[in-house]
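Data first, discussion second: the structure below is written as structure tokens.
Here, each number is a calculation from the coordinates, and none is a lab measurement. These numbers were taken from a predicted model, which means no experiment stands behind them. So basically every Cβ, Gly included, is an ideal-geometry build from the backbone, and we count neighbours across all protein chains shown.
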Amino acid sequence: MDAGFGAQKAGDILLQAFVAMGKYVYVEPMIPAEISPPARSKPALSGVIIRLADFDVTNIGNDTDLILASHEIVLDRRLDDLEYNPKCHILLDMGDRENNMDSYETVLKRCTKEGLSVIPFEVDAVSKVTIKEMGGKGQNLYYLGMLAYIYNMDEDIVKKEIIKTFGKKLREDILEKNITLYHNGYQLAKEKVFFRFQVESTPREGEKILIDGNTSMSLGIIDAGIKLFSGYPITPASSVMHTLAKDFPAYGGMVHQAEDEIAAIGTAIGSYYGGVPAITATSGPGLSLKQEFIGYAQAAEIPIIVLDVQRSGPSTGMPTKTEQSDLPAVIFGSHGDYTKVVISVANVIDCFYAPHLARYLTEKLRVPVFILSDFQTANSYKVITKPKVAQMDDPDDIPDYVLERFHINRLPKDIEMVRLSQAIPGTEGGMRRITGLNSDAQGRINYFSTTNHRGHQVRNEKIHHVRRALTRPEMFGAESNEVLIVGWGSTRGAIEEAIHIASKQGLPVSGMHLRVVYPLPLMLKEVFSKFKKVVTVEVAYGDKLKPSPLALLLRAETLVDVQPMMSDATGRPIRPKVVVERVKEVLK
Amino acid sequence: MNAQTTPANAPVTIKDLNTENPRWCAGCGDFGIIMGLKRFMVERQLAPAHTVNVSGIGCSGRAPNYFNTYGVHSIHGRPITVALGLALSRPDLNLFVHAGDGDALSIGGNHLIHGINKNFKCVFLLYDNEIYALTKNQTSPTTRKTHPTNTQPQGTFLNPINPITVALGLGASFVASTADWIPDHLTSTMRAAFDHPGFAFVHISQRCPHFDPNNFDHKTSTWFSFLKHANGIEPDRRLADKTEVVEHDPSDMIAGFKYAAAERRYFGLFHQDKNKPRYDEILRNVVKNAPKKDRSKILDPYLI
């Protein structure tokens, strides 16, 4: 649909109804970066891609089986993605045809040419009048009704979700009109659409929750005992600030909206210096702005957590598309030899626990810790088993199951700091000054060669502690094989499913997924030595002459000839099918 | 004001507050400024363990290193942001922010706007020597027009920014001005600033004998006046009878503007509003007033 007409809302209701039926979903919202781009233009496309299954799904899947388009332009745009099943059902609203004959003709011809059959339909006359009266609103509910019929959904389950979504927000008569439109859409599909998917309700076992990545992260921040969130609005990180602005105060936490990205991290650093755990969140452009303060925090040995919800770069890039290209910026970003730990999240459960690990590491080591999420993980709703809450008050409260999830052991008890005293303000007799200038063990400014070298050694030894604590990363398939595909962050699901498909086809390929991306575990070279080829799967650009970020890092750290296998800068989540196709090419 | 002070049986002395010998040039105005603050800390018996000095970069940035208190020598232009973090998380601390003219009015100008607007509780000291000194003699936002520097050797091109009208224009709740070489007035200004419930903007004319020795004539006093009022700051005891003293009610912001924008330099309290809302208090109240929830049930609203 055109942005601004409720496609996202209808998608939310649909997936919630699926979930209520006991189904599992994986969702990719298609959102323009603008609020209201011109209607009936390709940039206006707003929609939701939903993968539906009876089992837990970990990625967006392969090809689309059903497309419902409100007019020919958004259909044309969606077909541009070239990810439809040859037997894909296309439902096209012909309502705009009268005034756009040629355009409809062109798109319909394209469908024929690509072997796709289109099921044309038109909103019934009575509903058209209602929609017109409501200024174009309500069409989303009409389409929702059609989909509810096509997916064989209980009409009342969907109706309940509509009331849950709009009940408190819409005037009663408007809500009534929307529900009527929903029923009319259902009726239209019943009369005019001659296929139906057989989706049965299945009972669910155990306590499950439906949650998206950024909400999960926000609640994880609270559960990890962090007390201040300091941020500046930026897509796609902002919704963490929205959730916390609403929920944090009830748990004793503060949300500070700063005047800019630099101020946001400065205030978080000030809070942590005062002994109160704090986090800042941002995305690419904001990350660039924060780099000086991040370097300062490591030199001054003030803990700090930086959440980077990655979007497509470089520069302003594509704010509502996913990518994993900030890895070099977080590993090498600030100036001088600079130490840091980088955690990534593979899914919404990781989002809940990443703040716990980040807090543990930053307070134990007093180095900056990054959490790398991305647009896809941040915005994807998932049904998950309700995670156990940890209710951390102290970094040592971190449960073993969180450490295990990220494949890391507990750190040694005594970790040397550059400054022997790390007293926080208010500690009698502990008065100390911190500075970004080189400091000696007593915290005094010092420009001597030996002192400076010691500072570097001590800071780097902190990271070596992490290297030694890291256990073997998660692997899929045999421990020795022709090909090993390696990924990090949100590509985990696609890698896992690709290996599953590939092993069924007898392809000699295994997979590896990294949750802690920097530093890397020490046994990596040895693990790699059991494979003839090691390649990476990344949502970041790379080619034959320029390794993609993870490939670059793995090459540098292991001296193994790691090549990028998937390094397409499409801004879209990776599909397992494409991974398998590429594996076949590598095996040739 | 709930200042954190020391117990009566263990008074803090100037000596207790010293660390190493400051690495500033001989005759630098910064010596006078930190001595003024130390004199005030002793007078008020502020507890060093509950005092934090936060600074940016430049000659003034070094100040926290010369106070035996807690201190954050942060990065260029950003001390206000770090100080806010402390004001939000640790309202129990005595908070002093030290910034130079480059820090406050150039690289960190944005933070000054928002620090003033947020009106969080701190004493903000603007060390204004009207030059970039630590980087060796470049034009700053307050360098006077035609004064030659290493970056504008033909003479500084533009008229300087007036920090006091800027602060008044931004709606600062406390705007005072003093100078490094009038210790009595300097300490009185610290006192008024510390007792102010909010962001106390203190402009300090500061000598830089190394790069601009003729900027302030600290031997005569006829070129400046003192603002005086029962609710203001007492004129310097040594100089009050040697120059003009003007009666000015600090609640009258428009009159304050007039003195701030004048050709002549005025030292004293231009404006004070004790009732301006404080962002740090507002945020703490949001937390305080929120009905408390049980962390163990945090995921329950998301149950299917």
Out of B:A87, B:A63, B:A83, sole residue that is of a type outside the set (V, I, T), more than 7 Å from every other protein chain (Cβ to nearest Cβ), touching a Cys at 6+ places or on another chain (Cβ under 9 Å) and not in a strand (DSSP E or B): B:A87
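Residue-by-condition table, conditions (1) surrounded by fewer than 22 Cβ atoms within 10 Å (Cβ to Cβ); (2) hydrophobic (A, V, I, L, M, F, W, C); (3) away from chain B (no Cβ under 12 Å):
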| residue | (1), (2), (3) |
| --- | --- |
| A:H256 | no, no, no |
| A:A263 | no, yes, no |
| A:T267 | no, no, no |
| A:G274 | no, no, no |
| A:V309 | no, yes, yes |
| A:F332 | yes, yes, yes |
| A:V341 | no, yes, yes |
First in the stretch A:421-442 and facing chain B (nearest Cβ under 7 Å), second anywhere and of a type in the set (D, E), Cβ under 8 Å, 6 or more apart: A:G426/B:D92; A:I434/A:E301
Any pair with Cβ under 8 angstrom, 6 or more apart, that starts in the stretch A:386-399 at a residue that is at the interface with another protein chain (Cβ under 9 Å from one of its Cβ atoms) and basic (K, R) and ends at one that is buried (at least 17 other Cβ atoms within 10 Å of the Cβ) and part of a loop (DSSP other than H, G, I, E, B): A:K386/B:L299
Some residue of the stretch A:371-382 being part of a strand (DSSP E or B) and within 14 Å of chain B (Cβ to nearest Cβ): yes
Check on B:L158, surrounded by fewer than 24 Cβ atoms within 10 Å (Cβ to Cβ), without any contact (Cβ under 8 Å) to a residue 40 or more places away in the chain and aliphatic (A, V, I, L, M): yes
Of all residues making up the stretch B:42-51, the number that are part of a helix (DSSP H, G or I), more than 12 Å from chain A (Cβ to nearest Cβ) and under 9 Å from B:T5 (Cα atoms): 1
Strands (runs of 3 or more DSSP E) wholly inside the stretch A:460-562 that include at least 3 residues being closer than 22 Å to A:V309 by Cβ: A:516-518
Neighbours by Cβ (under 8 Å, 6+ apart or cross-chain): first from the stretch A:343-369, in contact (Cβ under 8 Å) with a residue 60 or more places away in the chain and buried (at least 24 other Cβ atoms within 10 Å of the Cβ); second acidic (D, E) and assigned to a helix (DSSP H, G or I): A:S344/A:D350; A:F352/A:D223; A:P355/A:D223; A:H356/A:D223
Count of the stretch B:276-300 residues which are of a type outside the set (S, T, Y), more than 8 Å from chain A (Cβ to nearest Cβ) and in contact with a Leu (Cβ under 9 Å, 6 or more places away or on another chain): 1
Residues of the stretch A:95-136 classified as surrounded by 15 or more Cβ atoms within 10 Å (Cβ to Cβ), assigned to a helix (DSSP H, G or I) and touching a residue at least 40 places away in the same chain (Cβ under 8 Å), total: 3
Selected residue (criterion: surrounded by the fewest Cβ atoms within 10 Å (Cβ to Cβ)) from residues of the stretch B:84-112 that are in contact (Cβ under 8 Å) with a residue 24 or more places away in the chain and of a type in the set (S, T, N, Q): B:S106
Close pairs from the stretch A:156-180: first in contact (Cβ under 8 Å) with a residue 40 or more places away in the chain and assigned to a helix (DSSP H, G or I), partner among the hydroxyl-bearing types (S, T, Y) and surrounded by 11 or more Cβ atoms within 10 Å (Cβ to Cβ), Cβ under 6 Å, at least 6 apart: A:K177/A:T130
Enumeration of residues in the stretch A:382-400 that are over 14 Å from A:A224 (Cβ atoms) and surrounded by fewer than 24 Cβ atoms within 10 Å (Cβ to Cβ): A:V383, A:I384, A:T385, A:K386, A:D400
